[in-house]
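The values are calculated or read from the model by the stated rules, or taken from the named source; none is laboratory data. If you're wondering where the values come from, they're calculated on a predicted model, not measured in any experiment. Here the Cβ is made from the backbone with ideal geometry for all residues, glycine too, and neighbour counts use every protein chain on show. All accessible areas refer to the heavy atoms of the entire protein, side chains included, with ligands and DNA or RNA removed. Shrake-Rupley method; radii C 1.70, N 1.55, O 1.52, S 1.80 Å.
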Protein chains: 2
Amino acid sequence: MTVYRPRAIRNLIEELKHLPGVGEKTAQRLAFYLLRIPKAEAERLAQAILEAREKIRSCTVCHAITETELCSICSDPQRDRTLLCVVEDPSDIFAIERISEYRGLYHVLLGALSPLEGIGPEDLKIRDLLQRLQEGEVKEVILATNPTLEGEATAMYLSKLIKPLQIRVTRLARGLPIGGDLEYADEVTLLKSLEGRLEI
Amino acid sequence: MTVYRPRAIRNLIEELKHLPGVGEKTAQRLAFYLLRIPKAEAERLAQAILEAREKIRSCTVCHAITETELCSICSDPQRDRTLLCVVEDPSDIFAIERISEYRGLYHVLLGALSPLEGIGPEDLKIRDLLQRLQEGEVKEVILATNPTLEGEATAMYLSKLIKPLQIRVTRLARGLPIGGDLEYADEVTLLKSLEGRLEI
């Protein structure tokens with residue numbers, strides 16, 4: 001029986017399957033799409049991947065992604081240096097910057113504490129964080145780790161370390177998402193929104 | 001206000017957004033994934049895209065994708081040359097080959113008739129198909145175009161062209177998908193499955 005699978009496309013499908021959320025069928029659909037479009041367009045995607053890996057690196061201060069030694073936020077004199085927002089991943093900065101409200105600096109931990117996965121404090125950029133705080137400029141640290149078990153544990157751990165430094169420590173509010181439906185809210189979210197209820 | 005978006009990642013996200021089913025958020029997730037994994041792995045994906053575009057071409061006989069002049073199915077002497085399965089796209093061959101049941105040859109139309117999109121018979125590989133049939137070896141043509149409006153119209157059009165050549169023309173059965181639920185079947189599918197009911 002002929003196995004009808006030219007090697008180059010089999011290989012492309014295998015590589016695409018490594019992408020998050022991409023299974024066999026999606027990989028195949030993407031591979032055929034990449035064969036169907038103009039060659040130049042497919043090459044642009046390949047070049048964009050290579051170029052991103054070539055040029056993007058980690059900001060030496062906050063560990064955000066950047067093309068320069070210091071990221072554009074750390075090197076922006078307009079930013080409020082008394083406010084520091086701590087996030088798990090570089091992509092979280094994108095989400096916060098999108099709302100155009102926050103004017104402070106960031107610090108990326110590059111993960112969250114997870115005993116199950118063997119990720120301890122020394123695996124995260126916590127030492128760097130404390131060093132930045134000891135410079136004395138920061139007046140408030142906003143813990144913006146994810147509202148997950150690991151994110152909450154990381155926030156608790158950090159707040160214990162930071163509070164003795166006489167710095168205000170806050171955490172993003174947990175509660176009902178806007179546009180959501182009370183009926184479908186999970187119990188923990190509902191509990192948090194009740195605990196965090198505000199005077200109107 | 002700093003716009004925090006290094007150019008290389010903005011560019012990568014834009015290119016990823018061209019992929020089918022990939023919106024802004026998925027593109028961003030994929031881009032950050034490609035930055036997080038080992039550099040060699042990201043480069044392998046880029047190379048796989050470039051290599052596929054370099055090596056893959058269309059089989060000169062059936063228009064399937066291939067790395068050689070003739071695809072591995074057309075050049076396989078074990079294949080039954082009296083059976084010809086007509087499909088819309090090269091990827092459809094993958095789907096049929098996966099069930100390891102069909103032993104004949106294929107012919108790819110590279111699309112389906114669609115007056116709305118301005119795709120007429122001359123835009124498909126129909127002339128090539130008739131030429132192959134006129135060689136006299138094929139005894140049955142299986143029309144395996146998609147069960148869509150365009151696919152059905154294409155099948156009807158082809159059957160009218162092929163029947164005068166004294167060749168048996170068949171069409172893949174339409175009916176209830178296995179594992180589906182009668183209650184949720186759409187009306188057209190249910191109608192087709194009733195029309196095509198079989199003696200048990």
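The table for this structure:
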{"quantity": "Protein accessible area in the range A:34-117, 1.4 Å probe - carbon and sulfur %", "calculated": "54"}
{"quantity": "Centre separation in Å (Cα based) which lies between the range A:147-200 and the range B:117-136", "calculated": "64"}
{"quantity": "Hull-based mean projected area of the range B:7-55, where the convex hull spans the alpha carbons, in square nanometres", "calculated": "3.7"}
{"quantity": "Size of the A/B contact, given as accessible area buried on both chains, probe 1.4 Å, in Å²", "calculated": "5800"}
{"quantity": "Whole-Hz ³J(HN,Hα) from phi, Karplus 6.51 cos²θ - 1.76 cosθ + 1.60, for the range B:69-79, glycine and proline x", "calculated": "4, 9, 6, 5, 7, 4, 8, 8, x, 6, 6"}
{"quantity": "Test item: Cα-centred dipole of chain A, Lys/Arg +1 and Asp/Glu -1 on Cβ, debye", "calculated": "540"}
{"quantity": "Residue-normalised accessible area of the range B:78-199, given per residue in Å² at a 1.4 Å probe", "calculated": "63"}
{"quantity": "Exceeding the 24 Å Cα-Cα cut-off - candidates B:K25/B:K55; A:K25/B:K17; A:K25/B:K25", "calculated": "B:K25/B:K55"}
{"quantity": "√(5λ) per eigenvalue of the Cα gyration tensor, chain A, largest first, Å", "calculated": "39, 24, 17"}
{"quantity": "Under-5 Å amide H pairs with A:H107, H placed in peptide plane, nonlocal only", "calculated": "A:C85, A:V86, A:V87"}
{"quantity": "Cα-derived Rg to Rh of the protein assembly as shown, Kirkwood definition", "calculated": "1.11"}
{"quantity": "Value at 222 nm in deg cm²/dmol, rounded to 500, when DSSP H runs of n ≥ 4 in the protein assembly as shown each add -39,500 (n - 2.57)", "calculated": "-12500 deg cm²/dmol"}
{"quantity": "Members of the range B:59-82 that become less accessible by 50 Å² or more once partner protein chains are added (1.4 angstrom probe, chain alone as reference)", "calculated": "B:I65, B:E67"}
{"quantity": "Anchor B:K163: lysines whose Cα lies under 26 Å away (excluding residues fewer than 8 positions away in-chain)", "calculated": "B:K125, B:K139, B:K192"}
